[in-house]
1. With n ≥ 4 as the cut-off for DSSP H runs, can you work out [θ] at 222 nm for the chain, using -39500 (n - 2.57) per run divided by the number of residues, rounded to the nearest 500?
2. By accessible area of protein heavy atoms, probe 1.4 Å, what ranking do SER362, SER94 get, highest first?
3. Using a/c under 1.5 as the rounded threshold, could you call segment 143-247 rounded, prolate or oblate? The axes a ≥ b ≥ c are square roots of the C-alpha gyration tensor eigenvalues, and prolate needs a/b larger than b/c, oblate otherwise.
4. Could you work out how far helix 64-76 tilts from the main Cα principal axis of the chain, as a 0 to 90 degree angle to the nearest 10?
5. Which whole-Hz ³J(HN,Hα) couplings does segment 130-144 yield from phi under the Karplus relation 6.51 cos²θ - 1.76 cosθ + 1.60, θ = phi - 60°, glycine and proline marked x?
6. Loop sites only, by DSSP: take the chymotrypsin sites (Phe, Trp or Tyr not before Pro) in the chain that have at most 13 other C-beta atoms within 10 Å and name the longest stretch containing none of them.
7. In a Debye calculation with equal point scatterers on the alpha-carbon sites of segment 13-136 and no solvent, what is log10 I(q)/I(0) at q = 0.16, 0.17 Å⁻¹?
8. Take the chain, connect every pair of alpha-carbon atoms lying under 10 Å apart with a spring to form a Gaussian network, then pick out the residue of ALA31, ALA154, ALA265 with the largest mean-square fluctuation.
Amino acid sequence: MLKKGPTNVIPLPRVGDAHLAPVYSMFPLEAVSGEGVYLHTNAGRRVLDLYGGHAVAVLGYGHPRWLEALTKQAKSLAFQSNAVAVDVRRRAASRLARFADLGLDKVFFVNSGAEANENALKLAFKATNAKKVVAVEGGFHGRTAAAGAVTWGAKEKWFAFPQAPFEVQFLKAGDIAAIEDVIRDDTAAVIVEPVQGVAGALDLPKDFLQALRHRCSEMGTVLIFDEVQCGVGRTGYPFAANMYGVTPDIITTAKALGAGFPVSAVMIAEHVARQLKLDDLGTTFGGGPMACAIVEAVIDIIESEKLMANVRNMSAEIRKTCKIGPVTDMQGAGLLLGLRTKIPAKEVHAELLKRDILTGTSADPHVVRILAPYVIESEHVAQLREALRDIG
Ligand code: PLP
């Protein structure tokens with residue numbers, strides 16, 4: 001017989017009661033609008049959003065300059081594909097390349113993180129003629145065939161394709177000693193999230209990334225940093241590559257890049273881009289004028305409002321003051337933080353939500369993930385701290 005549960009549990013939304021494919025376990029809230037760093041729910045609650053729709057809403061909701069860029073571009077030219085030149089696409093590409101300042105100066109715009117990774121891997125095969133890929137345990141790279149093949153644990157959980165499109169070998173995160181053995185001259189690419197997101201906001205050791213860089217250069221292997229989650233200011237630096245001082249051959253990025261408008265990018269070093277010829281890559285929607293106007297605006301806002309400094313400051317404040325209640329330790333970088341919890345993260349997540357704070361969980365059952373907007377302030381950190389203290 002079922003035990004009677006606590007009476008204050010918020011009922012789950014009725015998943016699949018309309019026409020949506022029932023593939024998501026959902027947080028127990030329904031958002032009707034957003035304002036700044038808060039969500040308003042259909043139950044009249046005002047919820048502090050420290051999760052930002054999987055790391056996307058970096059400017060919070062309704063940022064006036066983001067809205068203006070979108071509206072202005074929609075009015076002047078909502079869409080043209082890559083077959084037609086539009087100046088905003090050129091401007092967005094050079095803005096992004098200059099923002100990173102890593103010499104990854106050729107940009108291919110696509111639409112999602114997985115699509116960016118598919119294209120990056122394809123480029124690596126073209127550039128090397130090698131056949132294998134090395135990925136890192138714990139890494140998440142997306143749900144499509146190639147991106148799923150390099151995602152740790154996908155095969156056991158959801159991959160579903162009858163076979164991977166190429167051979168993949170996984171390297172233990174931080175295992176420098178294994179690098180020489182695993183990365184050989186038949187390795188086309190190494191793909192790695194420098195700060196792993198889904199794994200629980202895990203910042204990989206700098207010497208591990210340096211050793212990957214060194215070995216890839218030695219073997220002619222393309223080093224891909226998947227910065228879909230940790231890029232575009234998330235770590236308090238333009239990219240984690242800047243933070244670590246390690247430059248890959250390709251960076252893929254998405255999420256923060258559009259701050260709510262779907263856009264992703266493959267940023268490519270000249271020596272890899274040189275292998276490209278007409279028709280090698282393609283997309284209908286990628287590089288559309290609205291996406292490009294938003295990329296330009298998001299980078300402008302991040303720079304002019306000094307949001308990377310705010311990310312570093314707020315991160316330091318959380319680290320200093322929120323090791324409290326159920327939180328025993330912290331990991332990650334910038335506002336991609338993992339709060340290590342002594343009780344299951346799921347319980348802490350639920351308790352925080354009862355106190356009107358939305359956070360994320362992760363693949364680690366003892367890590368609550370914070371993916372806060374870059375615009376949070378000390379009062380929001382205080383709200384988190386008091387809620388954690390209250391949970392005890
Ligand atoms: N790479 C990383 C590091 C991610 O965190 C994600 C999504 O969470 C992806 C790739 C896939 O991105 P998308 O869901 O936009 O395809």
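The values are calculated or read from the model by the stated rules, or taken from the named source; none is laboratory data. Keep in mind that this is a model prediction, so the values were computed, not measured. Here Cβ is always computed from backbone atoms with ideal geometry, including for glycine, and neighbour counts include all displayed protein chains. Side chains are part of the model used for accessible areas, which takes the heavy atoms of the whole protein and leaves out ligands, DNA and RNA. Shrake-Rupley method; radii C 1.70, N 1.55, O 1.52, S 1.80 Å.
1. Numbers: 14 runs with 141 residues, N = 392.
Value at 222 nm, helices only, nearest 500: -10500 deg cm²/dmol.
2. Details: SER362 30, SER94 55 Å².
Output order, biggest surface exposure first: SER94, SER362.
3. Details: a/c = 1.87, a/b = 1.17, b/c = 1.60.
In terms of gyration-tensor shape, oblate.
4. Tilt relative to the chain: about 50 degrees.
5. 8, 10, 10, 10, 10, 10, 10, 3, x, x, 10, 10, x, 9, 7
6. On the way: sites that count: TYR24, TRP158.
Longest site-free region, per DSSP loop and neighbour criteria: 159-392.
7. Values returned for q = 0.16, 0.17 Å⁻¹ are -1.16, -1.19.
8. ALA31
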